[in-house]
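Q: Have a look at this one.
Just so it is clear, none of the values below were taken in a lab; they were calculated from the coordinates. Predicted, not measured: the structure shown is a model, and the values here were computed from it. Neighbour counts are summed over all protein chains in view; Cβ atoms, including those assigned to glycine, are modelled from backbone coordinates with ideal geometry.
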Amino acid sequence: MDLLSFADYAGTCAFAISGTISATQKKLDLFGATFIGFVTAIGGGTIRDLMLGNTPVTWILDSKYFILILASILFTLVFYKYILKLKQTLFLFDTIGIGVFTIIGIEKALFFGINAPISMVMGLSSAVIGGVIRDTLCNDVPLIFHKEIYATACIIGGSVYLVLQHFNVETHFSQIATISSIIIIRLLAIKYNLSLPKITNAQE
Amino acid sequence: MDLLSFADYAGTCAFAISGTISATQKKLDLFGATFIGFVTAIGGGTIRDLMLGNTPVTWILDSKYFILILASILFTLVFYKYILKLKQTLFLFDTIGIGVFTIIGIEKALFFGINAPISMVMGLSSAVIGGVIRDTLCNDVPLIFHKEIYATACIIGGSVYLVLQHFNVETHFSQIATISSIIIIRLLAIKYNLSLPKITNAQE
Amino acid sequence: MDLLSFADYAGTCAFAISGTISATQKKLDLFGATFIGFVTAIGGGTIRDLMLGNTPVTWILDSKYFILILASILFTLVFYKYILKLKQTLFLFDTIGIGVFTIIGIEKALFFGINAPISMVMGLSSAVIGGVIRDTLCNDVPLIFHKEIYATACIIGGSVYLVLQHFNVETHFSQIATISSIIIIRLLAIKYNLSLPKITNAQE
């Protein structure tokens, strides 16, 4: 298994865990929590695959996703108390997750002959739409619409990737540089409490 | 028309009725109620078809769905008072509906060469996603995430079906056994007030 | 560029602007507002394309949509104060937008061999689903489910189009007649304060 595949599975697990944790704050039952964990993990990649016409979608064909997601959800429900203490580990996994999903989304779109800017949108969709569906199903306005530097990190990371690939930099190096830049941006954003400008009527 | 097709149309009508009834509790207008009724009826099958790559999706190609759904919605709006009194009939139709949708989802996925566990997920998606979309559009957390034994009944029924098919039991018998087991589970759940364990932070 | 293409791009811009304006009322950040503007503009056409199996979806293959949408969103965020004063212009653009999206949805569906009534549903989906997704993401019950003659105008306009096409009326004329009838219906609805009947339990 190559580096990217491994990171893809790790990212999927991280997303399943984050979805399940969200669900525990909503008084859902076992099925509800499992559904939310599942959709958070596969939502972004599924929407990307559907829009590209890459069907049956990836997780349907490769059962490893299904097994890893169910295991992550079960793990989260059982070791809930301990997982919440591992905030930094979770943050790292989640950030690796969005980095990997961004790269995979871009790669798939380029493979389908899509141009660079739209490929970037596909990368971004892979990374963020799972969380958007999670929050919408939980009846919240999606977190990434009003908090944190999250999508921005994907966009910058994705740009790094496209530029490095354009100059024929070795792929593994590009991947590591992309994910590193996303991690650094999110760490800086948290350290210096950065966020995007709010858009409100109040600006009038 | 074979038994399964007949039950599929009956289930679709039951879902259209349940969607329309939900809509009447939300102060929507005629279009809103129709939209919700429609999406409840075709939502699960549509998402299943999209993920499998089975496009144009079923209801677009077979106009009988469209006609039956519109008729069910109209019927519901006109005879609203009387339908609410038929709770047990509605419950029976709805339960037959999820049973049939589970079987059809599994069958379609198997036909596309998908393995048994993921086919089960496709069966479950067919049965429950219409209701998830209905509740999300009505701005509620989906009912099946926190109430009733519903998805659980589909999962057990679907397992019954897959096991019987695995042992080459005659198909009609498998279908009837599946739907019967789903009906029995839901009746038992209501009679004994069973529900899945809640997942909350309070478990800490 | 023919008339319909031009109107399609104009309608897309109108939808991006209306989505962005909605977002400004929700305390979202720059990314959230952009996401909502984007999804409002491409949501209906994307769902239509997915259900028809017309993938990769239109906006992925034709970058002009992407560029126009981003420009519209930026324009809206910068000139917010002035745009809100142009209510009538916005209303006109939006109405042209739904008219064009209705026609394009119908045309695409007919091209895929779909019959007239279901093609109408595809036209309607193209026109209204972007707004439904916008409101759902903003955690509101979709506006068109309880306010305004909106979908009704599309249905009547779409019927006009199908009838004129059935009698082999020249296509440009049919298109103009369709969009004009939608504009007239919406203007009349506003002038005489028309709306669809509310569907509520209170009718009992």
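Q: What does the net charge come to around A:Asp29 if you take all other residues with beta carbon closer than 14 Å to its beta carbon, with K and R at +1 and D and E at -1?
A: Neighbourhood net charge equals +3.
Q: Averaged over peptide A:131-138, how many Cβ atoms belonging to another chain are found within 10 Å of each residue's Cβ?
A: Partner-chain Cβ atoms within 10 Å, mean over residues of A:131-138: 3.
Q: Reported to two decimal places, what Rg/Rh ratio describes region A:3-195 when computed on Cα atoms with Rh from the Kirkwood expression?
A: 0.96
Q: Please identify the DSSP H helices in chain B that span no less than 27 Å along the helix axis (Cα) and have a mean Kyte-Doolittle hydropathy of 1.0 or more.
A: Sorted by number, the helices that extend far enough and score high enough are B:3-24, B:30-52, B:87-111, B:116-137, B:171-191.
Q: Shifting gears a bit: Based on alpha-carbon atoms only, what is the radius of gyration of the protein assembly as shown relative to the globular estimate 2.2 N^0.38 Å?
A: Dividing the Cα radius of gyration by 2.2 N^0.38 Å gives 0.95.
Q: So, one more: Note down the nm distance, to one decimal, between modelled labels 7 Å out along Cα→Cβ at B:Leu143 and at C:Ser159.
A: In this crude spin-label approximation the distance works out to 3.2 nm.
Q: Take each of the peptides A:102-110, B:88-96, B:166-174, average the number of other beta-carbon atoms within 10 Å over its residues, and list them starting from the highest.
A: A:102-110, B:88-96, B:166-174
Q: List residues of region C:65-106, by number, whose backbone nitrogen lies under 20 Å from a label position 7 Å along Cα→C-beta of C:Ser195.
A: Correct set: C:91, C:95.
Q: Give the distance, in whole Å, between the Cα centre of region C:19-60 and the Cα centre of region B:121-169.
A: Between the Cα centres of region C:19-60 and region B:121-169 lies a distance of 29 Å.
Q: Still on this structure, please answer the following. Given charges of +1 on the Cβ of Lys and Arg and -1 on the Cβ of Asp and Glu, with all other atoms neutral, how large is the dipole of the protein assembly as shown about its Cα centre, in debye to the nearest 20?
A: My answer is approximately 1600 debye.
Q: Given a cut-off of 20 Å, name the pairs among C:Lys26/C:Lys81; A:Lys27/B:Lys26; B:Lys26/B:Lys81 whose C-alpha atoms lie farther apart than that in the structure shown.
A: Going by Cα-Cα distance, A:Lys27/B:Lys26 fall outside the 20 Å limit.
Q: What full-extension length gain, to one decimal in nm, is calculated for A:Leu74 and A:Leu3 as 0.36 nm per residue of separation minus the Cα-Cα distance?
A: 23.0 nm
Q: Identify which of A:Gly19, A:Gly158, A:Gly113 has the largest mean-square fluctuation in a Gaussian network model of chain A, with springs joining Cα atoms closer than 10 Å.
A: With Cα springs under 10 Å in chain A, the top fluctuation among A:Gly19, A:Gly158, A:Gly113 is at A:Gly113.
Q: In nm, one decimal, shortest first: how far is the label point of A:Phe6 (7 Å from Cα along Cα to beta carbon) from the matching points in the other copies?
A: Distances to the matching label points in the other copies: 5.8, 5.8 nm.
Q: Here's another thing I want to ask about it. How big is the dipole moment of region B:1-74 about its Cα centre under a simple scheme where the beta carbon of each Lys and Arg is +1, that of each Asp and Glu is -1, and everything else is neutral? Debye, nearest 20, please.
A: 260 debye
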